[in-house]
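Asks: Let me give you the structure first, and then I'll get to my questions.
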Amino acid sequence: MRHTIRLGSLCFDESFVSAVSDGEALVTFTRAETRLIKYLVQYPNQVRSRAQLLDAVSHGNEEKLDRSIDFLINRLRQKLGDDAKNPTFIATRYGEGYIWLASQTKHQSLPRDCHAVVGPVFGLSHIGHKRTSAELFSQQFQQAFQSHFSDDLEVVFDPDCPKADDLGEEAPKIGIELSFVLVGDQLECVFRGYLFRSDRTVFVKRISASNASPADIEVISGEISSALRTGLATEVEAQVPLAIGMIEAGKTFTGIKGHWSENDQGLRAQVHGNPTDYRAKIMLATNIHTKYLQDSVQIFMSNADPRKDDEDDIETLVTESLPHLQNEPTFLLPAAKLLFFIDRGYNEMAVKMAERLHKESTSLAASLPVVGQMRVFTGQNEDGQRALDQALELCEQGSQFEIYLMILKCEALAAVSDRDGLDQILDQVCTRVPQIEVLMQVLFTCSERPSKIAQQALVNMAPAQARGMVMLMHYVYGRLLQNREHRANAYRTPVSLFSKQFGPNIIPDEVRQVLRACDDQNADNNNLPKTA
């Protein structure tokens, strides 16, 4: 990647082979001129003798003529547009030598609240009469790209954007670098999406910029926003499950915890536009699953029940993609979990796939939560908890990933009625994420001695909300437990609390059927509602 250095009124290529003026005129330098400029800029405002300058521009046994440096200086002044009597770049010190006057222009800092930057922009000095079109395209792209972020996150356009080290705390989170090139008479642009502070490339895309309409630019900005979300969600260095990576990627665009709906439209557009993008298909299937983790209560409070259609979509997306992703554990692990989730006869295959991938994985933080949860589902609770505990050691305290793991741990502890362990981790979750405290307390508090928060929540709760909470626990967790005793334990608290508060008919019929299937000796019948 090439950068530019601004000195006076000129913007020099970092190798000092060329420069461009504010009037867009390109200047190129000979090898001797380039050597001379490189030497002079190292000693700003310091007199350098003719002998020193000759040494700097001469190589090996080249003949050194004292007066030749004067000719070189004069030629360089002409190219720089410099006036010897009123110099901007090179001044003469008679009897001593020459002095470089131009200092590097300090870049104006980006706004302190800048979240993303479109820049730097490269290639403008090499595309001739297309430069104006390229600059207009860049600015229109910035405006379209801004529309994909929430209103309080600013996206700025800075064609001379410096590196992160030059900005310190003011450095934005992400950047879009643009490089223009002419292919015949067609203007093309290469977009590089990167994490600004580490300069790590997340994605690269090349498109035609010639005659691009505002509508075309809006489509391009949407494609790049989706690609950026995908790249952020699947970074190898992220070392988290795909679902968490997608939530964090969504947060980049909203400034708040990512929501499944923020990713849905972009992912569907990706899959529709490229049916062979199997990564996008797994991400879309994962996003459909995340919908039930984030919005189950609202979904089940409504009259609509989209589960069959969503499960059909998940099954199609995953089974179509599996043959094409055999060497990509980042996508195979969530695929295994999704096949288990839809519960359509793939369970044994899904478990074997997850365990195999875990043994081969170099990202334990991504594989441990998957095998841990699946071990809990298949009755290997102790082994499952051990995997979840190991994953907790690898995650950052206070992160979305840690909260996700703690919730999985609550589910595992509830399945074996480990009251002491459950109370301890429940307190941690509620302290760190107060907005889910009511839901967590109602689902996991002690059924015989419910917490004050759970008691108060029940008093203020509408029956539809209660049914929604039961269905949340049932659909994303309870129904998948294969050990009947574990299943009965998991349902005990919400079923008991809601039955006492609203009567036994508050429990949906499909939940009743699951409970009746539990062994009588393992189920606590006093806490199970009777069919009215």
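The values are calculated or read from the model by the stated rules, or taken from the named source; none is laboratory data. What you see is a predicted model; the values in this text were computed from it and never measured. No Cβ is skipped: glycine too gets one built from the backbone with ideal geometry, and neighbour counts run over all protein chains shown. The area values use the complete protein model at the heavy-atom level, side chains included, leaving out ligands, DNA and RNA. Shrake-Rupley method; radii C 1.70, N 1.55, O 1.52, S 1.80 Å.
Asks: Hey, among the residues in the range 232-241 that are surrounded by 19 or more Cβ atoms within 10 Å (Cβ to Cβ), at pLDDT 60 or above and not polar (S, T, N, Q), which one's nearest to the chain's Cα centre (by Cα)?
Replies: Top of the filtered list is Leu232.
Asks: Using the structure shown, decide if Arg449 is touching a residue at least 24 places away in the same chain (Cβ under 8 Å) and basic (Lys, Arg).
Replies: Considered against the rule, which asks whether it is touching a residue at least 24 places away in the same chain (Cβ under 8 Å) and basic (Lys, Arg), Arg449 comes out as no.
Asks: List pairs: first in the range 184-204 and without any contact (Cβ under 8 Å) to a residue 12 or more places away in the chain and under 16 Å from Phe145 (Cα atoms), second in a strand (DSSP E or B) and of a type in the set (Asp, Glu), Cβ under 6 Å, 6+ apart or cross-chain?
Replies: none
Asks: Looking only at the range 427-450, which residues are farther than 21 Å from Ser499 by Cβ and either at pLDDT 95 or above or acidic (Asp, Glu) (or both)?
Replies: Asp427, Glu437
Asks: Quick one: would you say Thr319 is farther than 25 Å from Val470 by Cα, out of contact with any Ser or Thr (no Cβ under 6 Å at 6 or more places or on another chain) and open to solvent by 60 Å² or more (accessible area, probe 1.4 Å)? Show your work before the answer.
Replies: Working: farther than 25 Å from Val470 by Cα: yes; out of contact with any Ser or Thr (no Cβ under 6 Å at 6 or more places or on another chain): yes; open to solvent by 60 Å² or more (accessible area, probe 1.4 Å): no.
Considered against the rule, which asks whether it is farther than 25 Å from Val470 by Cα, out of contact with any Ser or Thr (no Cβ under 6 Å at 6 or more places or on another chain) and open to solvent by 60 Å² or more (accessible area, probe 1.4 Å), Thr319 comes out as no.
Asks: Right, something else. Condition check: among the charged types (D, E, K, R), more than 26 Å from Met301 (Cβ to Cβ) and surrounded by 18 or more Cβ atoms within 10 Å (Cβ to Cβ). Does Arg375 satisfy that?
Replies: Here the answer is yes, as Arg375 does meet what is asked.
Residue-by-condition table, conditions (1) out of contact with any Phe, Trp or Tyr (no Cβ under 6 Å at 6 or more places or on another chain); (2) within 22 Å of Arg479 (Cβ to Cβ); (3) in a helix (DSSP H, G or I):
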residue	(1), (2), (3)
Asp389	yes, no, yes
Gly398	yes, no, no
Tyr404	yes, yes, yes
Glu411	no, yes, yes
Asp420	yes, no, yes
Asp427	yes, no, yes
Leu439	yes, yes, yes
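Asks: Just checking, which of Gln428, Gln435, Gln424, Gln456 is free of Cβ contacts under 8 Å to residues at least 24 places away in the same chain, of a type outside the set (Asp, Glu), closer than 20 Å to Tyr292 by Cβ and open to solvent by 30 Å² or more (accessible area, probe 1.4 Å)?
Replies: Numbers: Gln428 fails: closer than 20 Å to Tyr292 by Cβ; Gln424 fails: closer than 20 Å to Tyr292 by Cβ; Gln456 fails: closer than 20 Å to Tyr292 by Cβ.
Criteria check complete, one pass: Gln435.
Asks: Somewhere in the range 253-275, is a residue farther than 29 Å from Pro172 by Cβ, open to solvent by 10 Å² or more (accessible area, probe 1.4 Å) and either part of a helix (DSSP H, G or I) or modelled with pLDDT under 70 (or both)?
Replies: Scanning the range 253-275, I find at least one residue that is farther than 29 Å from Pro172 by Cβ, open to solvent by 10 Å² or more (accessible area, probe 1.4 Å) and either part of a helix (DSSP H, G or I) or modelled with pLDDT under 70 (or both), so the answer is yes.
Asks: Pairs only if they're at least six apart or on different chains, beta carbon under 8 angstrom, first in the range 326-346 and open to solvent by 50 Å² or more (accessible area, probe 1.4 Å), second at pLDDT below 95 and outside any helix (DSSP H, G or I); list them, first residue then second.
Replies: These pairs meet every condition: Pro329/Ser361; Pro329/Ser363; Thr330/Thr234; Thr330/Ser363.
Asks: With the checklist (1) at pLDDT below 90; (2) over 18 Å from the mean Cα position of the chain (by Cα); (3) among the small types (Gly, Ala, Ser) in hand, flag the one item Ala335 doesn't pass.
Replies: (1)
Asks: Consider only pairs whose beta carbons are under 8 Å apart and that are at least six residues apart or on different chains; among these, list those whose first residue lies in the range 380-408 and is at positive phi and whose second residue is open to solvent by 40 Å² or more (accessible area, probe 1.4 Å) and not in a loop (DSSP other than H, G, I, E, B).
Replies: Note: pairs meeting the criteria are Gly398/Arg432.
Asks: Sticking with this one: Evaluate the following for Leu364: is it touching a residue at least 24 places away in the same chain (Cβ under 8 Å), among the hydrophobic types (A, V, I, L, M, F, W, C) and in contact with a Gly (Cβ under 6 Å, 6 or more places away or on another chain)?
Replies: Against the criterion (touching a residue at least 24 places away in the same chain (Cβ under 8 Å), among the hydrophobic types (A, V, I, L, M, F, W, C) and in contact with a Gly (Cβ under 6 Å, 6 or more places away or on another chain)), Leu364 does not qualify.
Asks: Can you tell me which condition Lys163 does not meet? The list is (1) touching a His at 6+ places or on another chain (Cβ under 9 Å); (2) at pLDDT 85 or above, and all the others hold.
Replies: Only one criterion in (1) touching a His at 6+ places or on another chain (Cβ under 9 Å); (2) at pLDDT 85 or above is unmet by Lys163, namely (2).
Asks: Just name the residue that is modelled with the lowest pLDDT out of those in the range 85-111 that are open to solvent by less than 20 Å² (accessible area, probe 1.4 Å) and under 46 Å from the mean Cα position of the chain (by Cα).
Replies: Leu110
Asks: I need the full set of residues from the range 127-138 which are surrounded by 15 or more Cβ atoms within 10 Å (Cβ to Cβ) and either over 14 Å from Cys161 (Cβ atoms) or β-branched (Val, Ile, Thr) (or both), in order please.
Replies: Ile127, Lys130, Arg131, Ser133, Ala134, Glu135, Phe137, listed by residue number.
Asks: While we're here: Would it be correct to say that Glu411 is surrounded by 18 or more Cβ atoms within 10 Å (Cβ to Cβ) and within 26 Å of the chain's Cα centre (by Cα)?
Replies: Working: surrounded by 18 or more Cβ atoms within 10 Å (Cβ to Cβ): yes; within 26 Å of the chain's Cα centre (by Cα): no.
No; evaluated as a whole, the condition is false for this residue.
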